[in-house]
1. For the pair B:TYR45 and A:PHE68, what calculated FRET efficiency results from E = 1/(1 + (r/R0)^6), where r is the Cβ-Cβ distance and R0 = 35 Å, to the nearest 0.05?
2. Just from its helices, what would the mean residue ellipticity at 222 nm be for chain B, if runs of 4 or more DSSP H residues each count -39500 (n - 2.57) and the sum is divided by every residue, rounded to the nearest 500 deg cm²/dmol?
3. At what distance in angstrom do the alpha carbon centres of the range B:287-312 and the range B:238-277 lie from each other?
4. Please work out the C-alpha center-to-center distance from the range B:343-417 to the range B:130-204 and express it in whole Å.
5. Quick one: which of A:LYS178/B:LYS203; A:LYS7/A:LYS164; A:LYS164/B:LYS222; A:LYS27/B:LYS203 span more than 32 angstrom between C-alpha atoms?
6. Within the set of other residues whose C-beta is less than 12 Å from the C-beta of A:SER136, count the net charge using Lys and Arg as +1 and Asp and Glu as -1.
7. Determine, for A:HIS45, B:HIS96, A:HIS130, the number of other Cβ atoms within 10 Å of each Cβ, and report the residues in order from fewest to most.
8. Quick one: length gained pulling B:ILE209 to B:TYR184 fully straight, 0.36 nm per residue minus the C-alpha distance?
Amino acid sequence: MADSNTKELYILAEFESAAALYHAAEKMRDAGCRHFDCHSPFPIHGMDAAMGLERSPLGWIAGLCATFGALGGVALQWYASTIAYPLVISGKPFFSFQAYLPVTFALGVLMAAGASLFGMLGLNRLPQFHHPLFNSERFKRVTDDGFFISAIAVNNAEGDKLQKFLESIGGSNIEVLKD
Amino acid sequence: MNTTAKDTKSLDNPGTPLITGNQSFHSVTEKISGIVEAKVSPYWYLAITISSLLALVFFGSIGYLVWEGIGIWGVNVPVGWGFAIINFVFWVGIGHAGTLISAILFLMRQRWRTSINRFAEAMTLFAITCALIFPGIHVGRIWAAYWMFPVPNQMGMWPNFRSPLLWDVFAVSTYFTASLLFWYTGLIPDFATLRDRAKTKWKRLIMGILALGWRGGNRQWKHYELAYLILAGISTPLVLSVHSVVSTDFAVSLVPGWHTTIFPPYFVAGAIFSGFAMVMTLGILARKIFGLEDFITVNHLDKMSKIMLVTGMMVGYAYMMEFFIAWYSGNEYELFTFLNRAFGPYAWAYWTMITCNVLVPQLFWFKKVRNSIGALFVISILINIGMWFERFVIVVTSLSRDFLPANWDYYSPTFWDIATFVGSFGLFLTLFLLFVRFVPIISMAEVKGVLPQADPHHTAKEQAKG
């Protein structure tokens with residue numbers, strides 16, 4: 001057990017199916033537990049509501065980046081065609097915005113795509129190669145066919161309480177993990 | 001588990017199993033990771049030897065091109081766009097099916113896509129890699145190819161943003177980057193699976209780095225699923241725009257046979273058509289070689305045939321409509337170009353195209369053909385040949401007979417044209433063989449998600465059934 005209260009404890013409990021994990025998550029939510037996560041090999045439909053999670057803000061991030069990408073695209077084309085290198089082609093205006101649409105769109109998409117992947121990694125604090133849960137041998141099954149709940153306890157007393165609660169809602173093979 | 005529930009039923013369409021063979025989560029992991037973890041078969045070595053030799057022919061031809069110049073190709077006045085542009089459009093087109101499967105079918109909640117999306121996306125990446133090389137080497141002095149990008153330089157020179165050729169640079173390179181990010185996003189959970197199964201230290205290290213420390217927690221899945229949805233959402237207009245932009249390379253010019261407004265939708269339909277044919281060819285090979293009949297079922301091939309039937313008929317409609325407009329417009333140059341296509345010196349190429357793209361796919365009306373692996377394999381290759389000839393017909397026939405009869409000429413490829421084209425298949429296949437060897441070719445996380453036991457209300461339902 002942890003020597004000091006500064007290190008968090010991870011209580012890991014295994015569940016036998018996606019359905020069991022889903023119902024356990026509902027019980028954790030209803031018991032008022034906030035610092036827990038449900039681990040599964042694939043995303044489980046409706047789990048966000050079962051855990052009481054809010055919607056990811058990633059859409060706003062991607063949308064903002066797309067807007068900046070598109071505006072940057074317009075600015076680039078405006079600068080290159082009117083200031084830096086004005087070319088007369090068939091007497092068309094230097095700022096022929098209609099012709100700028102494909103590049104503007106492409107740069108918007110490019111930024112949105114980058115923001116989606118890197119924003120997702122940022123929100124998930126990845127890459128993170130070291131984590132207390134990786135100390136568990138059983139936890140390796142989470143990417144195969146294992147379903148787990150990990151709950152964070154700040155001290156031993158809370159850890160014991162969580163262990164009992166996880167057992168009472170159907171968790172098995174309970175492990176206490178620390179850094 | 002009783003014996004009648006042999007096949008897992010799809011949720012949206014009970015009656016047609018999505019994945020057969022009564023799979024559990026673990027058996028999916030075992031089967032698909034097994035392909036990557038198994039000992040390398042001698043056939044793989046044989047295949048990659050041949051394909052990498054072909055890739056060597058590709059790079060050798062490019063080397064000679066750089067050394068000697070564009071004169072080694074058959075391009076000349078009036079046909080300045082020969083094999084290089086045909087191959088570029090051909091390869092970009094192939095890529096489109098991968099994005100259609102990964103993005104558009106995802107948004108339409110076509111859950112059968114989970115078995116084929118991974119390798120279709122990989123095919124997209126490798127096809128765009130081949131495609132990007134061709135315009136790059138077609139500029140002749142390839143060391144000046146960076147002039148296509150808006151890079152500040154000592155000459156104070158900037159690209160012309162009003163040219164469709166420049167739109168293409170942005171469209172295709174964005175397409176490649178977005179496809180790569182989408183593909184990698186899908187791979188993260190599967191790399192984590194390989195990490196957790198790794199037996200050797202090196203494998204665990206490499207897969208661990210690629211998996212970025214994925215833990216499969218729902219707090220991670222929440223952001224992950226939204227990222228996937230956004231990528232699918234932006235890839236959908238992107239894939240439609242890319243081939244539209246490619247078509248404007250032709251349509252914005254004033255050459256008869258190119259200057260038509262039907263080009264963008266016609267090119268997109270053709271791209272999806274040819275891409276599905278390539279997915280079919282590769283899918284049939286993969287399911288045979290790796291025993292994936294339970295994952296890529298006849299049902300999947302049947303659905304893909306139907307998409308090819310639809311897009312093939314769109315392409316056929318475009319061929320007809322081009323002729324109609326050529327007559328209806330009253331433009332004599334336009335009319336001549338089309339009569340010349342069908343009955344001129346390149347009639348052989350035109351009728352090859354019509355046979356492979358319009359007539360042969362009509363066989364897909366028959367369920368027997370759609371369910372016969374051998375027939376599908378042959379037809380998918382014929383469609384790819386036909387779609388290559390479509391680009392040949394578009395590029396060559398219009399240019400070889402332009403406004404002034406004094407300029408007319410008959411274009412034929414040289415040895416180096418053909419070597420570069422055949423060699424590009426070597427690069428494509430080498431990349432694909434490396435992919436099937438080192439990366440899970442089917443998305444495990446997604447396939448598990450469509451199994452019935454993945455539904456959080458599964459147990460209750462099963463109990464109710466008794």
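Every read-out reported here was derived from the displayed coordinates using simple, explicitly stated rules and does not represent laboratory data. Bear in mind that the values here come from a model prediction, so they are computed numbers and not experimental data. All Cβ positions, glycine included, derive from the backbone under ideal geometry; neighbour counts span all protein chains shown.
1. Numbers: r = 48 Å, r/R0 = 1.37.
After rounding, the FRET efficiency stands at 0.15.
2. On the way: 16 runs with 298 residues, N = 466.
That calculation yields -22000 deg cm²/dmol at 222 nm.
3. Here the answer is 26 Å between Cα centres.
4. 29
5. On the way: A:LYS178/B:LYS203 26 Å; A:LYS7/A:LYS164 20 Å; A:LYS164/B:LYS222 28 Å; A:LYS27/B:LYS203 39 Å.
Violating the 32 Å Cα-Cα cut-off are A:LYS27/B:LYS203.
6. Residues near A:SER136 contribute +1 overall.
7. Working: A:HIS45 17, B:HIS96 28, A:HIS130 8.
The most exposed by this proxy come first: A:HIS130, A:HIS45, B:HIS96.
8. Details: separation 25, 0.36 × 25 = 9.00 nm, distance 1.27 nm.
Answer, rounded to one decimal: 7.7 nm.
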